[in-house]
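Heads up, the thing below is written out as structure tokens.
The values are calculated or read from the model by the stated rules, or taken from the named source; none is laboratory data. All figures in this text were calculated on a predicted structure; none of them were measured in a lab. Don't worry about glycine lacking a Cβ; one is built from the backbone with ideal geometry, like all the others, and counts go over all protein chains shown.
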Amino acid sequence: MSQTVVRETPSHAAPGPRRSLSTRSLPKWAPLGFAAVSVVLGVGLGLVAGWESRIQWGLVSALFFVVISYTVTSAVENRRQAKDRLATSVVWVCFVLAVVPLLSLIGVTVSRGVKVLDGYFLTHSMAGVPGFEAGGGVYHAIIGTLEQVGLATLVSVPIGLLTAVYLVEYGKGALAKAVTFFVDVMTGIPSIVAGLFLLSIMLMFKLQPSGLMGALALAILMIPVVVRSTEEMLKLVPNELREASLALGVPKWRTITKVVIPTALGGITTGVMLAIARIAGETAPIMLLVFGSQLINTNPFEGAQSSLPFYIWEQYRVGSEASYDRAWAAALVLIAFVMILNLVARGIARWKAPKH
């Protein structure tokens, strides 16, 4: 009878050394710590140096933040991570430098605008109210802004959209280059030039001031913005979508209206809103072509009108405490107007966007 011999495999008494792949790294809260230390150093240096400007304190703190982030990361981790941290720190500093003035502007406008902003202010005009006294409202300026911006949008959006479609889908040769050149030139036209152009037409044909003339000047300023933004959005539509539609025998015009434009609708709407925000605060064309009015005029085709930018300039020119309050309140209304338009546009773009 044979016996089975079992041989035991010798075991190692102690495991051999293992090479660790882990390296030292900073904790996740390190950027917040760097920021806190930078603020302390910036404020301390500002107090010691006697700097009265808080802007100087902020700039020095931002410089400390970038330097500390790079230095500590280079010492603890490695130079590659330090360069990455440096780029991230610069991005955050630029973001803060852009946001702080915006928040400051909004804060000042809200704090000073709410003094007289109420239902009475929004539903009454300045008819019969002396500019240096309290009272009155902004209703006539709101009506003028809505009508003038609305007419300018109705004129400029179809022209801008069709021009962009031509440049992207059909434009070739000298004509397309000429259109592109003039669109670029019109983008930089000052608002006063557009107002003077329409004013010369008014004088030639002996036309009276009206909201329509101001809307046409605003449309001149709005068209190049709509063309450029729409053109860029249409270029982002993949060519595969066009080719697939054309391969099915769909005409090109129907491909553009059913495939290309709906795909880029979100970006087009955003561009239109940017154009509206660009013209909503214009004052010079309104001064030249609409003349302003203290009364409520709901007819943009006849008679002088007011607008929110013109109302702000008008009240600030009076120079009294009451007029300053009305000017800040009107500025707050204008900001709210642009914000509401952007929210509505984003909702429409999301609603009309193609479903994936």
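Between Leu241, Leu221, which is surrounded by 11 or more Cβ atoms within 10 Å (Cβ to Cβ), of a type outside the set (Val, Ile, Thr) and either closer than 26 Å to Trp351 by Cα or touching a Leu at 6+ places or on another chain (Cβ under 9 Å) (or both)? On inspection, the qualifying residue turns out to be Leu241. Right, Met186: without any contact (Cβ under 8 Å) to a residue 40 or more places away in the chain, surrounded by 14 or more Cβ atoms within 10 Å (Cβ to Cβ), assigned by TED's automatic domain parsing to the domain that holds Ala275 and not in a loop (DSSP other than H, G, I, E, B) or not? In short, yes.
If you go through the range 239-254 and keep only what is in a loop (DSSP other than H, G, I, E, B) and over 18 Å from Gly171 (Cα atoms), you end up with Leu248, Gly249, Val250. Does the range 95-110 include one or more residues that are touching a residue at least 12 places away in the same chain (Cβ under 8 Å) and over 30 Å from Tyr311 (Cα atoms)? Yes, because at least one residue in the range 95-110 is touching a residue at least 12 places away in the same chain (Cβ under 8 Å) and over 30 Å from Tyr311 (Cα atoms). Screening the range 148-181 for residues that are exposed (fewer than 13 other Cβ atoms within 10 Å of the Cβ) and of a type in the set (Phe, Trp, Tyr) and picking the one that is farthest from Pro309 (Cα to Cα) gives Tyr170.
Can you tell me which residue among Arg54, Arg19, Arg7 is closer than 17 Å to Val100 by Cβ, out of contact with any helix residue (DSSP H, G or I) (no Cβ under 6 Å at 6 or more places or on another chain) and modelled with pLDDT under 90? So the residue among Arg54, Arg19, Arg7 that is closer than 17 Å to Val100 by Cβ, out of contact with any helix residue (DSSP H, G or I) (no Cβ under 6 Å at 6 or more places or on another chain) and modelled with pLDDT under 90 is Arg54.
The set of residues in the range 317-339 being farther than 15 Å from Gly281 by Cα and part of a helix (DSSP H, G or I) consists of Arg317, Val318, Glu321, Ala322, Ser323, Tyr324, Asp325, Arg326.
The residues listed here are Leu97, Leu102, Leu122, Leu63; of these, the one that is part of a helix (DSSP H, G or I) and either of a type in the set (Ser, Thr, Tyr) or farther than 30 Å from Tyr324 by Cα (or both) is Leu63. One residue alone among Val90, Val96, Val76 is surrounded by fewer than 17 Cβ atoms within 10 Å (Cβ to Cβ), under 23 Å from Ile335 (Cβ atoms) and either more than 28 Å from the chain's Cα centre (by Cα) or not charged (D, E, K, R) (or both), and that residue is Val96.
Taking Gly249 and the conditions (1) surrounded by 15 or more Cβ atoms within 10 Å (Cβ to Cβ); (2) on the phi > 0 side of the Ramachandran plot, which numbered condition does it fall short on, given that it satisfies the others? Condition not satisfied by Gly249: (1).
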